[in-house]
Amino acid sequence: MAKRKISNTLALAVLGLLQEQPMHPYEMASTLRERHKDSSFKVNSGSLYDTVESLVRHGWIEPVETARDGRRPERTVYAVTGLGQDEFVRWIDELLRTPVAEYPKFMAAVSYLGALGPHGAAEALAERAEHLARRIEETGAVLADTVGSGGVPRLFMIEVECALHAWEAELAWTRRTIAEIREGSLAWPGAERTGQGWTWTDPTDEKGTTR
């Protein structure tokens, strides 16, 4: 498969908004935040304008008018092109079909959990669990106020629902790991550097042999 000319997922959000109607970048940013899409896409003015310029350069969107609201500076309104529409549909289809390695920072940190020692690891994970629980509660409230109240179709907030399930799964794993550390069922080998490299002692091995 040929490499996509634009891979920034914020471009996907812009193309998605322009399915509804032509918009200027300020309206795009406001709409994404109002719909809580900023939890799925990293939205800031600089990156949004850069993304819009990239989409124009590749012919996926085009300026259709320049509007002025009162004394505010003129704003260029953009619409999706036929090419952009085709790329939008192909891109979504590709992302849904094919899992890709995303290298999340949390996984990178977990791979070196042992460096914190049992107490430090349990404390760090416990604080993360608190943040996750709060995020889950706040996101659940957002879904209740939008989808639950009937104000927004579920399909329009489906990615928030997906994120909520992912956080719930992460919270369950985090709490379970904390419990295993504190009760001692997650073995914490003793490590030592030697001239031949690292060696470690398995705490479950009664002979205390070095591996």
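Observations on the structure shown:
- Of the solvent-accessible surface of the chain, computed with a 1.4 Å probe and all protein chains present, 53% belongs to carbon and sulfur.
- With R₀ set to 45 Å, the beta-carbon distance separating residue 57 from residue 187 gives a calculated FRET efficiency near 0.25.
- The stretch between residue 68 and residue 49 holds 5.1 nm of extra length on full extension. This uses 0.36 nm per residue minus the Cα-Cα distance.
- Pairs of Cα atoms in the stretch 40-132 fall into 5 Å distance bins, from 0 up to the last occupied one, in shares of 2, 9, 11, 13, 13, 10, 8, 9, 9, 7, 5, 2, 0 percent.
- Rounded to 10°, Cα long-axis angle of helix 82-97 versus longest principal axis of the chain: 20 degrees
- Rounded to the nearest 20 debye, the dipole size of the chain about its Cα centre is 400 debye, using +1 on the Cβ of Lys and Arg and -1 on the Cβ of Asp and Glu.
- Label-to-label distance, nm, for residues given as residue 77 and residue 155 (7 Å Cα→Cβ offset): 2.6 nm
- Dipole of the chain, positive end: most advanced residue of 158, 195, 59 [Cβ charges, Cα centre]: 59
- Per DSSP, loop trypsin sites (Lys or Arg not before Pro) in the stretch 1-92 with at most 10 further Cβ within 10 Å: 3, 68, 71
- Computed lengthening from residue 173 to residue 4, 0.36 nm per intervening residue step minus Cα-Cα distance: 57.4 nm
- Distance (nanometres) between label positions extended 7 Å along Cα→Cβ at residue 30 and residue 89: 3.1 nm
- Residue among 177, 98, 47 farthest towards the positive dipole end of the chain, charges placed on Cβ: 47
- Taking GluC sites (Glu not before Pro) as exposed when DSSP calls them loop and at most 11 other C-beta atoms lie within 10 angstrom, the chain has its longest site-free stretch at 103-205.
- Pairs of C-alpha atoms in the stretch 1-90 farther apart than 17 Å represent 45 percent of all such pairs.
- Comparing the chain with the 2.2 N^0.38 Å rule of thumb, its C-alpha radius of gyration ratio is 1.43 (two decimals).
- Helix 45-57 and the long axis of the chain differ in direction by around 60°, with both axes built from C-alpha atoms.
- Whole-Hz ³J(HN,Hα) from phi, Karplus 6.51 cos²θ - 1.76 cosθ + 1.60, for the stretch 116-128, glycine and proline x: 7, x, x, 5, x, 5, 5, 5, 5, 5, 5, 5, 4
- Inter-label distance, residue 142 to residue 42: 1.7 nm, where each label sits 7 Å from its Cα along the C-beta direction.
- If you sort 182, 128 by accessible surface, 1.4 Å probe, largest first, the order is 182, 128.
The values are calculated or read from the model by the stated rules, or taken from the named source; none is laboratory data. Quick caveat: nothing in here was measured; it's all calculated off a predicted structure. Every residue, glycine among them, receives a Cβ derived from its backbone with ideal geometry; neighbour counts consider all protein chains shown. Ligands, DNA and RNA are stripped out before the accessible areas are found, and what is left, the full protein with its side chains, is counted by its heavy atoms. Shrake-Rupley method; radii C 1.70, N 1.55, O 1.52, S 1.80 Å.
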